[in-house]
Amino acid sequence: MSFKDLQLNRPILRAIAEKGYDNPTLVQEKTIPVVLNKKDVIVSAQTGTGKTAAFALPILQLLFDKQDAPKKGRKIKALIVSPTRELAIQIAENFEAYATYTTLKSAVIFGGASIDPQKEILRDGVDILIATPGRLLDLHKQDLVNLDYVQTLVLDEADLMLDMGFIDDVKKIERLCPKTKQTLLFSATIPYKVEQLASTILNQPQRIEVAQNSSTSKNVNQLLYFVPKKDKIELGLHLLRNTIKGNIIIFRRTKYGVDKLEKTLLKNSYKVDSIHGDKSQTARQEALNKFKKKEVNILIATDVAARGIDIDNLDAVVNFDLPNVPETYVHRIGRTARAGQTGMAYSLCSADEKTYLLEIQKLIHLQLDIIDDHPYPLDPKAKPIIHKSAKKGSKHKKGRKSEASKKKKKRWY
Ligand code: AMP
């Protein structure tokens with residue numbers, strides 16, 4: 001299927017071509033026609049599947065069709081609610097790129113940044129508004145946001161939005177929009193609370209599921225290193241010197257862990273920056289920009305700070321700490337091997353993380369490839385018992401040969 005088959009207008013097709021998109025991704029193929037049909041939809045898709053364009057393109061198309069090109073007094077006709085500032089900015093950048101050859105105007109508002117410039121933009125009027133919940137309600141209270149003309153409401157990363165405690169804000173925002181609007185809900189996973197929200201605010205939604213919640217990309221080579229906790233930093237440095245190359249995101253569970261590792265890497269002359277919740281919005285954005293511009297090639301992050309952030313050409317994801325929620329592993333490694341590319345995921349597991357590893361392998365129905373050949377091995381007795389239902393070996397042997405398959409592997413179960 002091509003984008004032309006999806007009946008998108010020329011200005012939009014031109015912008016997509018300039019972005020280098022040849023064909024729609026699966027989530028786009030499935031979602032775009034439904035949105036163009038003005039139906040409500042629940043889409044379960046992970047980041048990296050092209051889900052932003054799956055709602056942005058048909059929204060632009062619908063608005064483009066109705067466009068009477070007003071220069072002033074534009075009304076907000078599409079509202080996209082996003083849980084984090086970084087995600088909101090990213091969505092706004094996409095809208096801007098896709099709308100290059102239309103006269104549609106979009107803007108982004110988010111907390112943690114000066115409110116005055118955002119007020120200014122709203123006073124000028126926009127067709128599409130991308131917002132984080134708190135700042136949106138704040139500006140609405142000040143009568144600077146009028147949601148009476150919203151035709152399409154998008155709730156992006158709904159599961160994260162609820163995890164972050166935005167449920168009441170989301171419900172309030174939904175009530176501020178007209179009853180007749182179209183609502184699109186996107187979520188990496190669809191837990192019960194998302195279902196519940198959907199059942200209260202969506203109208204006979206069509207369901208689109210693109211990937212299993214638990215699936216990891218077959219293009220990611222997933223390697224596992226057992227290591228004593230005390231040697232993790234040393235192993236990390238060893239791997240950065242010898243094995244892990246290119247643009248890398250390193251995940252840690254805690255803000256303290258992020259700061260500690262950043263200091264060590266800086267001392268060792270690595271080009272590194274970090275993002276976590278205690279950093280100001282400006283500092284986080286700066287770190288992200290530096291990473292995107294390749295001024296630094298290593299970004300250390302906590303999960304919430306990095307969720308959904310799109311970084312092109314990411315070569316590797318390092319799970320310096322294993323996540324305590326297995327789905328988080330899937331989100332993390334979804335950051336590499338985007339849009340058909342291949343990527344690497346390195347996981348460092350200490351004895352106290354063995355339960356996390358078991359949960360992850362159970363979820364993804366896969367054993368990670370163990371690399372035993374490194375200078376800081378873990379005492380074999382400390383290794384976990386494998387879950388019986390996890391399949392042995394990796395299902396991603398196609399393409400480049402895994403580092404693990406070239407090395408002699410000892411089984412520990
Ligand atoms: P998303 O899941 O929306 O964060 O998108 C992930 C990445 O895929 C972004 O870098 C997009 O620019 C890119 N992308 C989206 N749609 C396509 C497409 N049809 N072809 C190639 N890349 C795409």
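The values are calculated or read from the model by the stated rules, or taken from the named source; none is laboratory data. What you see is a predicted model, and the numbers here were worked out from it, not measured in a lab. Cβ sites come from the backbone with ideal geometry, for glycine too, and all protein chains shown count toward neighbours. Keep in mind that these areas ignore ligands, DNA and RNA; they rest on the heavy atoms of the full protein, side chains included. Shrake-Rupley method; radii C 1.70, N 1.55, O 1.52, S 1.80 Å.
Among the residues of the range 36-47, are any within 13 Å of the ligand (Cβ to nearest atom), within 26 Å of residue 335 (Cα to Cα) and modelled with pLDDT of 95 or more?
Yes, the range 36-47 contains a residue that is within 13 Å of the ligand (Cβ to nearest atom), within 26 Å of residue 335 (Cα to Cα) and modelled with pLDDT of 95 or more.
Only one of (1) in contact with a helix residue (DSSP H, G or I) (Cβ under 7 Å, 6 or more places away or on another chain); (2) open to solvent by 20 Å² or more (accessible area, probe 1.4 Å); (3) at pLDDT below 95 is not met by residue 69, so which one is it?
For residue 69, the exception is condition (1).
Mind telling me which of the residues 57, 79, 62 ends up being open to solvent by less than 10 Å² (accessible area, probe 1.4 Å), among the aliphatic types (A, V, I, L, M) and more than 16 Å from the ligand (Cβ to nearest atom)?
79
Could you grab the pairs with beta carbons closer than 9 Å, sequence gap of 6+ or different chains, first residue in the range 17-42 and in contact (Cβ under 8 Å) with a residue 24 or more places away in the chain, second one of a type in the set (Lys, Arg) and open to solvent by 90 Å² or more (accessible area, probe 1.4 Å)?
Sorted first by the residue in the range 17-42, then by its partner, the pairs are 41/207; 42/207.
Determine whether residue 42 is assigned by TED's automatic domain parsing to the domain that holds residue 135, farther than 27 Å from residue 327 by Cβ and of a type in the set (A, V, I, L, M, F, W, C).
Against the criterion (assigned by TED's automatic domain parsing to the domain that holds residue 135, farther than 27 Å from residue 327 by Cβ and of a type in the set (A, V, I, L, M, F, W, C)), residue 42 does not qualify.
Considering only helices (runs of 4 or more DSSP H) fully contained in the range 248-354, which possess at least 3 residues that are out of contact with any Lys or Arg (no Cβ under 9 Å at 6 or more places or on another chain)?
Fully inside the range 248-354 and qualifying: 255-267, 281-292, 326-333.
In the range 7-35, how many residues are open to solvent by 10 Å² or more (accessible area, probe 1.4 Å), within 8 Å of the ligand (Cβ to nearest atom) and assigned to a helix (DSSP H, G or I)?
Residues meeting the conditions: 1.
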